[in-house]
Amino acid sequence: MFRFIEKSFLKTVQIIILIFAAIVLIMAITLGYNKISVKDEKADFPVIKLADYQKMRTNQEKQIAKNLSDNQNFEQKFNSYIDDIVSALSNFPDQVVDKKDLKQKVKVSSKIKTNQYSQSVQLSYVESLAKLTNQVATVGIKVNIDELTSWHDQSFFQQIQKKSKTNFVHIGSLRIERGVYSALWNALTIFAMLVIMLAVLRIEQNTRK
């Protein structure tokens, strides 16, 4: 019984190897024929067209225009939140907030704190600060603005760091998963090679007999 299963398995492996070899041979012949069938030898020489240059320039101009538009939108939103912060701080007593050049101070301070981050994070920062200052102004409680701002900044950037670490761990997990798949594929490849070697040895033994 075992002998019969072994013979059947080896015959199946032999058939699979022959089919695979035939496929590879057909692909090689097809590729070679397509390469020989190329009639236009001039295609090997570079072809420079004015239309390609014009297309490149058009794409560059579109990208520049898009970048300018994105920057303008960012600056508009950023300045809008700065105005909200200044408007809220203006409602505080002069003893609590120094209102001289207030808008410039708020804008420069926000830029310095968020300059190393992306535009989306910068907008999130000023939006968050604007909401907090408006809440304090609406409630009308007495606060130390410098202390409140420091607490806000610490809380905000801690959350940003946590999100960055979470994203880093997620990326690491994806890389590990890909590594596992790669290892499985390598194992299957080695297994297939061993099966082929076994089939070849078995064929050789049968030939000698």
TODO: Given the conditions (1) among the acidic types (Asp, Glu); (2) surrounded by 14 or more Cβ atoms within 10 Å (Cβ to Cβ); (3) modelled with pLDDT under 90, report the number of the one that GLU127 does not fulfil.
DONE: (3)
Open item on the list: If SER150 satisfies all but one of (1) surrounded by 13 or more Cβ atoms within 10 Å (Cβ to Cβ); (2) more than 25 Å from GLN72 (Cβ to Cβ), what's the number of the condition it fails?
Closed with: (1)
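Considering SER69, SER87, which residue is surrounded by 14 or more Cβ atoms within 10 Å (Cβ to Cβ) and small (Gly, Ala, Ser)?
After applying the criteria, what remains is SER87.
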Open item on the list: Taking the condition of being in contact (Cβ under 8 Å) with a residue 24 or more places away in the chain and part of a helix (DSSP H, G or I), how many residues in segment 125-152 meet it?
Closed with: 12
- [ ] Kindly establish whether SER110 is out of contact with any Leu (no Cβ under 8 Å at 6 or more places or on another chain) and crowded, with 17+ Cβ neighbours inside 10 Å.
- [x] no
Open item on the list: farther than 21 Å from GLN154 by Cα, assigned to a helix (DSSP H, G or I) and within 31 Å of the chain's Cα centre (by Cα): is that true of GLN60 in this structure?
Closed with: yes
Open item on the list: Suppose we filter segment 33-57 for residues that are in a helix (DSSP H, G or I) and modelled with pLDDT of 65 or more; how many remain?
Closed with: 8
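The values are calculated or read from the model by the stated rules, or taken from the named source; none is laboratory data. Everything quoted here is computed from the prediction, not taken from an experiment. Don't worry about glycine lacking a Cβ; one is built from the backbone with ideal geometry, like all the others, and counts go over all protein chains shown.
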